[in-house]
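Take a look at the structure set out below.
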Amino acid sequence: MKTFACVLGASVLLVVAYEVHPAAALPNLHDPMKNIVAVQTQVIWDVGNQAQDDQGNPDASKLAAGDWTQIIDAAGKVRQVAQTLAQSAQVIVAAPGEKIEGEGNADALGAKQVQAAIDAQPAEFRARSQALAASMDQIIAAAKAKDAKKLFDVSGALDQVCEDCHMKFWYPGR
């Protein structure tokens with residue numbers, strides 16, 4: 001009887017543990033791209049662009065300590081999203097029934113088409129996500145060093161990192 005009670009108790013604990021911690025859901029691409037990556041990369045560009053003199057040359061003295069910290073924080077948030085995507089075997093573009101940016105417009109792909117593009121080349125998608133994470137590492141390093149020239153260079157290259165991925169998966173063929 002004691003054995004039965006122990007087995008029953010252990011089974012209940014396993015079921016409860018599973019209910020509390022079910023298998024992790026696949027990462028959603030649209031929500032973090034819209035609410036974290038787009039917002040935080042804009043912070044990087046907006047704050048970083050203040051580090052220019054009147055001739056448009058990089059000038060670290062134009063940024064206060066809080067500005068550098070803001071850039072580091074923003075890049076860290078983007079890096080976290082990019083690393084999650086880069087390390088995921090599969091992502092979902094959007095939650096069921098959720099429309100992505102531009103969906104419904106004649107020249108825009110819907111979530112299903114973007115999902116198909118990513119599913120057709122998951123290694124490529126992970127590599128592009130890793131490139132975004134690496135770009136954030138460079139931005140963080142530049143901001144920690146308060147190196148306006150390096151920040152200017154890597155934040156300028158960031159636009160191309162984003163565009164390359166978008167052209168491949170978000171609006172291929174355009």
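The values are calculated or read from the model by the stated rules, or taken from the named source; none is laboratory data. Everything quoted here is computed from the prediction, not taken from an experiment. Quick reminder, even Gly has a Cβ in these numbers, built from the backbone with ideal geometry, and neighbours come from all protein chains shown. These accessible areas exclude ligands, DNA and RNA; they are computed on the full protein's heavy atoms, side chains included. Shrake-Rupley method; radii C 1.70, N 1.55, O 1.52, S 1.80 Å.
Worth pointing out:
- Of all the residues in segment 104-122, those that are open to solvent by less than 60 Å² (accessible area, probe 1.4 Å) and not aliphatic (A, V, I, L, M) number 3.
- Subset of segment 67-91 [of a type outside the set (Lys, Arg), open to solvent by 50 Å² or more (accessible area, probe 1.4 Å) and out of contact with any Pro (no Cβ under 6 Å at 6 or more places or on another chain)]: Thr69, Gln70, Asp73, Gln80, Gln87, Ala89, Gln90
- Residues located in segment 126-136, provided they are touching a residue at least 60 places away in the same chain (Cβ under 8 Å) and either touching a strand residue (DSSP E or B) at 6+ places or on another chain (Cβ under 6 Å) or of a type in the set (D, E, K, R) (or both): none
- The set of residues in segment 90-108 that are at pLDDT 85 or above and within 17 Å of Lys34 (Cα to Cα) comprises Val91, Ile92, Val93, Ala94, Ala95, Pro96, Gly97, Glu98, Lys99, Ile100.
- Looking across segment 42-87, just one residue is part of a helix (DSSP H, G or I), over 25 Å from Pro32 (Cα atoms) and polar (S, T, N, Q), and that is Ser61.
- When Phe125, Phe152 are checked against the criterion of being of a type in the set (A, V, I, L, M, F, W, C), within 21 Å of Gln40 (Cβ to Cβ) and open to solvent by 80 Å² or more (accessible area, probe 1.4 Å), Phe152 stands alone in meeting it.
- Some residue of segment 43-58 being closer than 19 Å to Cys162 by Cα, exposed (fewer than 13 other Cβ atoms within 10 Å of the Cβ), of a type in the set (A, V, I, L, M) and modelled with pLDDT of 95 or more: no
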